[in-house]
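All remarks here apply to the structure that follows.
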Protein chains: 4
Amino acid sequence: MPAALFGRLVAAAGPTWHSYTRHEFVLRLARGDLPEAAFRRYLVQDYLFLLHFARAWGLAVYKSDTLAEMRRAQAIVAATLDVEIGLHVEYCRGWGLTEAQMAAEPEAMETVAYTRFVLDRGLAGDRLDLEIALAPCIVGYAEIARERMADPDTKRDGNPYREWLDMYAGDEYQSLARDAAMALDEQFARRGGEGRVPALAALFKTASRLEADFWQMGLNANRN
Amino acid sequence: MPAALFGRLVAAAGPTWHSYTRHEFVLRLARGDLPEAAFRRYLVQDYLFLLHFARAWGLAVYKSDTLAEMRRAQAIVAATLDVEIGLHVEYCRGWGLTEAQMAAEPEAMETVAYTRFVLDRGLAGDRLDLEIALAPCIVGYAEIARERMADPDTKRDGNPYREWLDMYAGDEYQSLARDAAMALDEQFARRGGEGRVPALAALFKTASRLEADFWQMGLNANRN
Amino acid sequence: MPAALFGRLVAAAGPTWHSYTRHEFVLRLARGDLPEAAFRRYLVQDYLFLLHFARAWGLAVYKSDTLAEMRRAQAIVAATLDVEIGLHVEYCRGWGLTEAQMAAEPEAMETVAYTRFVLDRGLAGDRLDLEIALAPCIVGYAEIARERMADPDTKRDGNPYREWLDMYAGDEYQSLARDAAMALDEQFARRGGEGRVPALAALFKTASRLEADFWQMGLNANRN
Amino acid sequence: MPAALFGRLVAAAGPTWHSYTRHEFVLRLARGDLPEAAFRRYLVQDYLFLLHFARAWGLAVYKSDTLAEMRRAQAIVAATLDVEIGLHVEYCRGWGLTEAQMAAEPEAMETVAYTRFVLDRGLAGDRLDLEIALAPCIVGYAEIARERMADPDTKRDGNPYREWLDMYAGDEYQSLARDAAMALDEQFARRGGEGRVPALAALFKTASRLEADFWQMGLNANRN
């Protein structure tokens, strides 16, 4: 069974969804002609993003109603702090970026906007609001990588960004994203109802728009 | 039209609801034979309670989705800080209690338990959770006063607590409580759904139980 | 006595402070040659900003330690919801903008970034953090208007933005801003210490940068 | 070097500190004559307490300023959810209590009061406030077990509660508690100052009082 709520949110977001998942940044990354400056800008800001992503899942631990919910949120905090940030730092080292450099970089306005929007929704709303604000990121990345790997225009050999695509198209990440989408249904059953759909759809759409702005911030690096 | 959600929550709370609204403290207050020490203990702790009640509605301003929601919450903060606390202080002066005395009194465990439970629910959940945690207080006091004023056992003349009953049985408070109950329906339509009812009912029941404990704390003063 | 902490924060912000208070948007507004499209863009986003500004002060009510602190925060919530938003709506009507239009406009990324940054700092930190994140706005606007009214290059007659300058240079707003700056010292005495200064200075600087981005967002309207 | 701030807080708490760390519940547990009903009541409520303890450290992840702070909080969430709750459940099984039984038990008012007080302080204040509200629990348990194991009146052989004392007097827990006390100094250097000491001392004292009430709740089980 596909994740029902996630599908409805994507449908309700209309063209905003593809403006994010098929953003020029992504298409050029897949074709291998994304300017290196754009990718490096993205990598640095994504490091700063991950710190707030971990904070958001820490908040989800606080906002849990059940031990199972707490454990799911805690697993994501642990994966982010103990694994992902480490992998990201190692990957960035291959691009000549040290962790100290990235930590010293000011946050781009686009990074501030998306991360703090998520945290505010998470605090003002309940855990369902929080998870829906995070869904364009978690579930969206899986769709982005899957679509691009299925696209004949994607450059497989000699693409400097191939490792990035492989990571998010890989089984491990795809399965994590599927679980995150399914969890929305579980929460919607327990905390939702049709009355919430319009507000949740608006939230999902804004978060998707802010994610598209995040790609654009990467692209803009090339113009400076 | 009666407030639909509030009625369901009361029904779901079972005997817990009357253990609060028909608590011995309330019945004796109405009959006029509540020990003065019990009432004074209640008055002091109710002063401390009001400070956190104002904080809770400040939180509701933060948790608002619309300007109308913000204004409703702000009106309650204003009424509490600018009017109610003043009236309470004045009323307590009649019982020989100064504001400085009350502010210096340590919070009873019962006061801590109910106020912080409300605030935590309000922060971990959404505004509907917050308002439901507050409903036993706001709407319950109106029901308590109305029931007692309709009870032939209530002592009308020479009851030292008559003014208290009159205040909560009065049109102004009854109307405020009715609005609060109606607001739950409006929020439930926008943020609710049947799936949320069991959790909301459990929340309402716990809050009612903590309110019953608050009365008991008053009564216990007499035993010390 | 000048507000001591505020002065230190401004000094520590270095050129970032004037990049905000003497932003091209402000200088052109004072000279009267700011493009109308830029000012209208600003007015609409400032309306959306005010909603979150009210939420931030609602949060400050929740975060208060004393009745006096609560009352100060509540007065600002009340002024914002009952007076300022009304004045803003009326003022915008003069520029041909209805409240419904403004409420329907999507938030600019710059609006999201500054408002949610403030709210997140306010929630993750304490009330001193919250007030310092808000200080560039509240106290900064007073300095901006005062400086511009003292500048011989400012166009006094026939400047379409004169009313805006008069409002923020006026006694009422200047006094409100002075109180806000003084309140930082009171809070710093009670909740601060030298150890906090570097983090508070970094917070103030980021908030000032996001305010500069807000002016830039107005200017950019003209380029589209 | 001993933990400086913790020592000051204990000194400022006066007799309240020992009313908690040398509560009759603890002394009788050490002598082995604590009624079994009291201990069982404590075990069940301590299970419910641990759920909110994990939530509090999830909140600390959200409230972190640095990656190191996040990792320390995350390690405690992980230890609580992945290890401690499991050990507690296993230990309780030895006393004939299943996890399902404990999860179904209503929270005692004392449990609500202490846990929600901590969470509210953590949300209204900053991370230093949060950690100080938790310190009587984390650091206090280490002091309690150490003192009792050094007390000649403590029954070592045939004491049904010996395992409990050993766990908290053991190197692993003692070291965890020492780290928690040291962390207060690190945070105080970065977020504190003398001005905060009176409020932090009041917070610590209230938390200690609520911990004493928690022991009393255990003892009271025997009276029912």
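The values are calculated or read from the model by the stated rules, or taken from the named source; none is laboratory data. Predicted model only: the values in this text are computed from it and were never measured. Using ideal geometry, Cβ is built from the backbone for each residue, glycine included, and neighbour counts are taken over all protein chains shown. The protein model used for the area step is the full one, side chains on, heavy atoms only, and it has no ligands, DNA or RNA in it. Shrake-Rupley method; radii C 1.70, N 1.55, O 1.52, S 1.80 Å.
Quick notes
- Relative contact order of chain B, defined on C-alpha pairs under 8 angstrom at six or more residues apart (%): 42 percent
- Average accessible surface area per residue within the protein assembly as shown, 1.4 Å rolling probe, Å²: 37 Å²
- Calculated from backbone phi, Karplus (6.51, -1.76, 1.60) coupling profile of region B:101-107 in Hz, x at Gly/Pro: 4, 5, 5, 7, 6, x, 5
- Closest-to-axis residue of chain B (Cβ criterion, axis taking B to A), whole Å: B:Gly193, 1
- For chain B, the longest principal axis of the C-alpha atoms and the axis of helix B:109-124 are separated by about 10°.
- Hydrodynamic radius (Kirkwood) for region B:116-224, which is based on Cα pairs only, to one decimal in Å: 15.5 Å
- Solvent-accessible area lost in complex, 40 Å² minimum, residues of region B:159-191 relative to chain alone, 1.4 Å: B:Arg191
- Converting phi to 3J(HN,Hα) with the Karplus coefficients 6.51, -1.76 and 1.60 and the offset θ = phi - 60°, region B:199-205 yields 5, 5, 5, 5, 4, 4, 5 Hz in sequence order, with x at every glycine or proline.
- Accessible area buried between chains C and B, both sides summed, probe 1.4 Å, in Å² to nearest 100: 1800 Å²
- With the label put 7 angstrom out from Cα along the Cα-to-Cβ vector, C:Ala100 ends up 5.7, 5.8, 6.0 nm from the copy partners, going from closest to farthest.
- Geometric extent, Cα atoms of chain B - Rg, Dmax (angstrom): 16.9, 50
- Whether region B:91-173 is rounded, prolate or oblate, judged on the alpha carbon gyration tensor where a/c under 1.5 counts as rounded: oblate
- Ranked packing of D:145-156, A:48-59, C:172-183, most packed first, by mean Cβ within 10 Å: A:48-59, C:172-183, D:145-156
- Whole-Å distance, taken between Cα centres, linking region A:152-224 and region C:203-220: 28 Å
- Global geometry of region C:27-68, whether rounded, prolate or oblate, following the gyration tensor of its Cα atoms and the 1.5 cut on a/c: prolate
- Label-point separation in nm, C:Asp82 to D:Asp153, each point 7 Å along Cα→Cβ: 6.0 nm
- Protection-proxy order for peptides A:128-136, A:86-94, each taking the mean of Cβ atoms within 10 Å per residue, highest first: A:128-136, A:86-94
- Each copy carries a label point for A:Arg8 at 7 Å from Cα toward Cβ; from one copy, the others' points are 1.7, 5.3, 5.5 nm away, ordered from shortest.
- Net charge contributed by nearby residues that have their C-beta within less than 12 Å of C:Glu110 (K/R +1, D/E -1): -3
- Put simply, the amide H of C:Leu34, placed in the peptide plane, has neighbours under 5 Å in C:Leu29, leaving out anything fewer than 5 places away on its chain.
- Under 14 Å, Cβ to Cβ, from C:Val83 - net charge with Lys/Arg +1 and Asp/Glu -1: -3
- Protein-protein interface of region B:51-65, residues with accessible area decrease of at least 40 Å², isolated chain reference, 1.4 Å probe: B:Arg55, B:Val61, B:Tyr62
- Cα extents for the protein assembly as shown along the principal axes, largest to smallest and rounded to whole angstrom: 76, 64, 57.
- By the helix-only formula, in which each DSSP H run with n ≥ 4 contributes -39500 (n - 2.57) and the sum is divided by residues, the protein assembly as shown has a 222 nm mean residue ellipticity of -25000 deg cm²/dmol.
- Whole-number D in µm² s⁻¹ for region A:157-209, Kirkwood Cα-pair radius fed into Stokes-Einstein, 25 °C, 0.890 mPa s: 181 µm²/s
- Computed extension gain for B:Arg31 through B:Trp95, at 0.36 nm per residue and net of the alpha carbon distance, reaches 21.2 nm.
- A:Gly32 label point (Cα plus 7 Å toward Cβ) to equivalent points in the other copies: 6.2, 7.7, 9.6 nm, shortest first.
- Accessible-area composition of the protein assembly as shown, carbon plus sulfur, in percent [1.4 Å probe]: 55 percent
- Residue-wise HN-Hα couplings along region A:175-184, as the Karplus relation 6.51 cos²θ - 1.76 cosθ + 1.60 with θ = phi - 60° gives them from phi, are 6, 4, 5, 4, 4, 5, 5, 5, 4, 4 Hz; Gly and Pro carry x.
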